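What follows is a single structure, written as structure tokens, with notes after it.
The values are calculated or read from the model by the stated rules, or taken from the named source; none is laboratory data. In this text the structure is predicted, and so the values were computed from the model without any measurement. Neighbour counts run over all protein chains shown; Cβ positions are idealised from the backbone, glycine included.
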């Protein structure tokens with residue numbers, strides 16, 4: 001019997017920061033102190049608090065050590081495990097109160113979450129099926145096998161589970177379509193093609209709790225009459241693929257996958273298909289084409305995949321998070337699940353909280369919690385005391401929600417009404433130093449490059465919108481561009497074939513809706529209020545403050561700064577590349593270099609006219 005257990009985060013982020021070396025060093029130190037039979041090492045999945053990794057938790061004490069390095073391990077073993085003294089420098093420090101926190105459950109980032117989909121992530125060894133079973137794993141499948149398929153579907157319907165992949169379509173209804181569709185063969189497909197920049201929700205679930213996804217697929221197969229499943233996962237997720245293969249093999253050995261599962265007569269097999277990383281393959285029909293070995297591009301619907309999908313057979317497609325919810329619904333009941341969230345959005349939602357916020361990582365909260373609750377209560381507020389400006393929700397196809405809507409409930413309907421979308425769960429926080437025009441351009445550049453090019457509205461419309469935004473950020477915008485952007489965005493939204501094109505204009509539409517003054521400043525006044533758009537900036541040296549130290553002269557890559565030593569220096573605007581090297585080089589106590597955007601920098605650009613928009 002072990003006296004203590006040490007969980008080391010072995011998610012992708014922590015492994016890249018040295019988690020495996022920590023394990024190796026820890027094993028050696030435990031043996032050195034003759035503790036190998038008293039302390040057990042568990043390599044868990046992602047704990048969610050990725051910026052604080054590698055994470056090292058000692059149980060049953062619940063002592064949370066973070067940002068641990070391999071060289072810290074001898075001290076941890078000697079001081080804590082041998083002598084019983086806390087190693088305070090490795091404990092978590094709250095970014096707001098600056099107080100040291102010892103226990104995992106006392107950290108605001110975790111304390112204010114409600115982890116259900118992430119219930120096992122960071123708690124169990126994802127490569128050990130026994131640990132999943134001990135925590136109630138496969139009980140949902142056992143219950144489903146004792147029910148009629150229609151009863152399983154009704155349970156999911158009554159729970160109110162909506163798809164977590166972005167569209168929010170009722171899961172039970174989708175299963176019902178597949179169940180009702182005639183066919184000698186049916187398929188279940190897990191959509192793990194997570195392609196949003198900064199999103200890693202699905203990856204972490206696959207790495208930290210793969211059996212939950214397999215169990216969800218098995219239950220879906222039982223409900224719809226399918227006997228075969230595919231997990232479509234991007235090849236950039238090698239650790240997720242490895243753990244999925246391990247989980248499938250273990251489940252097969254335990255009789256959970258294969259023929260006559262749990263002596264019920266139900267047969268189901270699962271295969272893995274690795275995608276090449278095309279964002280558009282997150283769209284259902286493009287994903288199916290890719291599995292079939294064709295080019296991953298969307299097709300017209302109807303027929304919908306639940307009627308005619310993979311190889312022309314009825315196919316039910318659910319994303320990772322949706323499937324991970326299913327075992328809980330079967331095990332704990334529809335009433336329990338529907339008690340969480342709002343009237344139209346039941347359960348919890350996992351978000352990848354990133355950007356200019358103190359605590360970044362994976363967070364899981366009940367539907368209906370406010371944006372303020374996530375950003376300030378869990379995220380710890382904005383870094384460096386800056387002011388909150390907006391949050392981009394829903395990935396590159398989501399919308400930007402401003403400060404005025406901080407108390408907006410996070411659910412499918414509220415976000416849609418605000419011009420955003422739930423999406424897969426990306427949440428990027430931006431502060432006062434962010435230019436919203438430039439941000440819209442950034443996201444549009446992503447969708448422009450990821451468009452399959454099959455339909456004209458998406459292929460040309462997004463490109464035209466991007467070119468207009470590019471002109472505006474360079475000081476070449478024209479007054480009519482703002483209305484033209486609005487018109488193009490609506491046209492692309494209405495005319496595109498698939499969800500990529502239909503949602504790509506959201507960043508533009510929401511920034512036009514909530515931050516139109518920034519567009520007008522760029523176009524009418526030739527200035528960037530956030531001091532981001534390089535072509536609209538001017539760097540100047542205050543002659544009164546300048547001490548003539550020549551640091552800026554040496555730092556300037558364009559030789560744009562002149563002036564004798566100990567004499568005020570001058571920047572030649574014609575040669576200045578606006579790189580900011582001079583401002584960084586100027587002594588902090590002097591701060592003679594200033595950056596402004598007053599319209600003067602764009603005079604030459606406005607005379608040149610706009611770039612080609614074809």
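If you take the residues of the stretch 382-401 that are assigned to a loop (DSSP other than H, G, I, E, B) and modelled with pLDDT of 95 or more, which of them is surrounded by the most Cβ atoms within 10 Å (Cβ to Cβ)?
This residue is 386.
When you go through (1) outside any helix (DSSP H, G or I); (2) free of Cβ contacts under 8 Å to residues at least 24 places away in the same chain; (3) closer than 21 Å to residue 416 by Cβ one by one for residue 493, which number turns out not to apply?
Failed condition: (1).
Looking at this structure, is residue 430 in a strand (DSSP E or B), surrounded by fewer than 24 Cβ atoms within 10 Å (Cβ to Cβ) and touching a strand residue (DSSP E or B) at 6+ places or on another chain (Cβ under 8 Å)?
yes
Here's a check for you: in the stretch 531-550, which residue that is part of a loop (DSSP other than H, G, I, E, B) and touching a strand residue (DSSP E or B) at 6+ places or on another chain (Cβ under 7 Å) is farthest from residue 597 (Cα to Cα)?
Taking the candidates together, the pick is 542.
If you check 188, 231, which single one turns out to be over 22 Å from the mean Cα position of the chain (by Cα) and either on the phi > 0 side of the Ramachandran plot or buried (at least 24 other Cβ atoms within 10 Å of the Cβ) (or both)?
On the way: 231 fails: over 22 Å from the mean Cα position of the chain (by Cα).
188 is the lone residue from the list that is over 22 Å from the mean Cα position of the chain (by Cα) and either on the phi > 0 side of the Ramachandran plot or buried (at least 24 other Cβ atoms within 10 Å of the Cβ) (or both).
Please find, among 491, 477, 425, the residue that is buried (at least 24 other Cβ atoms within 10 Å of the Cβ) and farther than 30 Å from residue 190 by Cα. Please lay out each step first, then the result.
Details: 491 fails: buried (at least 24 other Cβ atoms within 10 Å of the Cβ); 425 fails: farther than 30 Å from residue 190 by Cα.
The unique qualifying residue is 477.
When you go through 604, 610 one by one, which is the residue that is part of a loop (DSSP other than H, G, I, E, B) and at pLDDT below 95?
Step by step, each of 604, 610 is checked, and only 610 is part of a loop (DSSP other than H, G, I, E, B) and at pLDDT below 95.
I'd like to check something: does the stretch 158-174 contain any residue that is touching a helix residue (DSSP H, G or I) at 6+ places or on another chain (Cβ under 9 Å), surrounded by fewer than 18 Cβ atoms within 10 Å (Cβ to Cβ) and not in a helix (DSSP H, G or I)?
Yes: one or more hits.
Residue-wise test of (1) modelled with pLDDT under 95; (2) in a strand (DSSP E or B); (3) farther than 28 Å from residue 196 by Cβ.
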site	(1), (2), (3)
216	no, no, no
241	no, no, no
245	no, no, no
269	no, yes, yes
272	no, yes, no
289	no, no, no
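Would you please name the residue that is nearest to residue 157 (Cα to Cα), looking only at residues in the stretch 345-369 that are touching a strand residue (DSSP E or B) at 6+ places or on another chain (Cβ under 6 Å) and without any contact (Cβ under 8 Å) to a residue 60 or more places away in the chain?
367
Going by the structure shown, is residue 444 within 19 Å of residue 513 (Cβ to Cβ), touching a helix residue (DSSP H, G or I) at 6+ places or on another chain (Cβ under 8 Å) and without any contact (Cβ under 8 Å) to a residue 40 or more places away in the chain?
Values: within 19 Å of residue 513 (Cβ to Cβ): yes; touching a helix residue (DSSP H, G or I) at 6+ places or on another chain (Cβ under 8 Å): yes; without any contact (Cβ under 8 Å) to a residue 40 or more places away in the chain: no.
Taking the combined requirement at face value, the residue does not satisfy it.
Sort through 96, 117, 77 and tell me the only one that's outside the structural domain of residue 325 (by TED's automatic domain parsing) and farther than 30 Å from residue 373 by Cβ. Full working, then the answer.
Numbers: 96 fails: farther than 30 Å from residue 373 by Cβ; 117 fails: farther than 30 Å from residue 373 by Cβ.
From the options 96, 117, 77, the qualifying one is 77.
Among (1) farther than 21 Å from residue 461 by Cα; (2) in a helix (DSSP H, G or I); (3) in contact (Cβ under 8 Å) with a residue 40 or more places away in the chain, where does residue 439 come up short?
Against the list (1) farther than 21 Å from residue 461 by Cα; (2) in a helix (DSSP H, G or I); (3) in contact (Cβ under 8 Å) with a residue 40 or more places away in the chain, residue 439 comes up short only on (1).
Are there strands (runs of 3 or more DSSP E) fully within the stretch 1-109 with at least 2 residues that are on the phi < 0 side of the Ramachandran plot and buried (at least 22 other Cβ atoms within 10 Å of the Cβ)? List them.
Of the strands (runs of 3 or more DSSP E) lying wholly inside the stretch 1-109, those with at least 2 residues that are on the phi < 0 side of the Ramachandran plot and buried (at least 22 other Cβ atoms within 10 Å of the Cβ) span 4-9, 56-59, 63-65.
Going by the conditions given, is residue 528 under 31 Å from the mean Cα position of the chain (by Cα), modelled with pLDDT under 95 and either closer than 30 Å to residue 392 by Cβ or not assigned by TED's automatic domain parsing to the domain that holds residue 445 (or both)?
Considered against the rule, which asks whether it is under 31 Å from the mean Cα position of the chain (by Cα), modelled with pLDDT under 95 and either closer than 30 Å to residue 392 by Cβ or not assigned by TED's automatic domain parsing to the domain that holds residue 445 (or both), residue 528 comes out as no.
Does the stretch 442-458 hold any residues that are within 19 Å of residue 195 (Cα to Cα) and part of a helix (DSSP H, G or I), and which are they?
Within the stretch 442-458, 442, 443, 444, 445, 446, 447, 448, 449, 450, 458 meet the criteria.
Inside the stretch 292-305, can you point out the residues that are surrounded by fewer than 22 Cβ atoms within 10 Å (Cβ to Cβ), touching a helix residue (DSSP H, G or I) at 6+ places or on another chain (Cβ under 6 Å) and under 26 Å from residue 200 (Cα atoms)? Even if it seems obvious, please write down each step before you answer.
So the first thing to find is which residues in the stretch 292-305 are surrounded by fewer than 22 Cβ atoms within 10 Å (Cβ to Cβ), and the list is 292-295, 297, 299-304.
Narrowing further to those that are touching a helix residue (DSSP H, G or I) at 6+ places or on another chain (Cβ under 6 Å): 297, 299.
Across the stretch 292-305, the qualifying residue is only 297.
Find all pairs meeting these conditions: Cβ atoms under 7 angstrom apart; at least six residues apart or on different chains; first residue within the stretch 515-532 and touching a residue at least 60 places away in the same chain (Cβ under 8 Å); second residue surrounded by fewer than 20 Cβ atoms within 10 Å (Cβ to Cβ) and in a helix (DSSP H, G or I).
Partner pairs satisfying both residue conditions: 519/482; 526/606.
Filter the stretch 499-530 for residues that are outside any helix (DSSP H, G or I), farther than 20 Å from residue 402 by Cβ and out of contact with any helix residue (DSSP H, G or I) (no Cβ under 7 Å at 6 or more places or on another chain) and give the result.
525
Output the number of residues of the stretch 218-234 satisfying the condition of being part of a strand (DSSP E or B) and either modelled with pLDDT of 95 or more or in contact with a helix residue (DSSP H, G or I) (Cβ under 6 Å, 6 or more places away or on another chain) (or both).
Applying the first criterion (part of a strand (DSSP E or B)) to the stretch 218-234 yields 228-234.
Next, from what is left, pick out any that are either modelled with pLDDT of 95 or more or in contact with a helix residue (DSSP H, G or I) (Cβ under 6 Å, 6 or more places away or on another chain) (or both): 228-233.
The qualifying residues number 6.
Among residues belonging to the stretch 275-287 that are outside any helix (DSSP H, G or I) and either buried (at least 23 other Cβ atoms within 10 Å of the Cβ) or in contact with a strand residue (DSSP E or B) (Cβ under 6 Å, 6 or more places away or on another chain) (or both), point out the one that is modelled with the lowest pLDDT.
Step one: list which residues in the stretch 275-287 are outside any helix (DSSP H, G or I), which gives 275-278, 283.
Subset that is either buried (at least 23 other Cβ atoms within 10 Å of the Cβ) or in contact with a strand residue (DSSP E or B) (Cβ under 6 Å, 6 or more places away or on another chain) (or both): 275, 277, 283.
Values: 275: 93, 277: 86, 283: 92.
Out of the qualifying residues, it is 277.
Which residues, taken from the stretch 402-427, are closer than 20 Å to residue 501 by Cα and not in a strand (DSSP E or B)?
Correct list: 412, 415, 416, 417, 418, 419, 420, 421, 422, 423, 424, 425.
Sort out which residues of the stretch 513-530 are crowded, with 16+ Cβ neighbours inside 10 Å and in contact with a strand residue (DSSP E or B) (Cβ under 9 Å, 6 or more places away or on another chain), and write them in order of number.
Passing the criteria: 514, 515, 527, 530.
With respect to residue 553, is the statement that it is assigned by TED's automatic domain parsing to the domain that holds residue 581 and not in a loop (DSSP other than H, G, I, E, B) true?
Spelling it out, residue 553 is indeed assigned by TED's automatic domain parsing to the domain that holds residue 581 and not in a loop (DSSP other than H, G, I, E, B).
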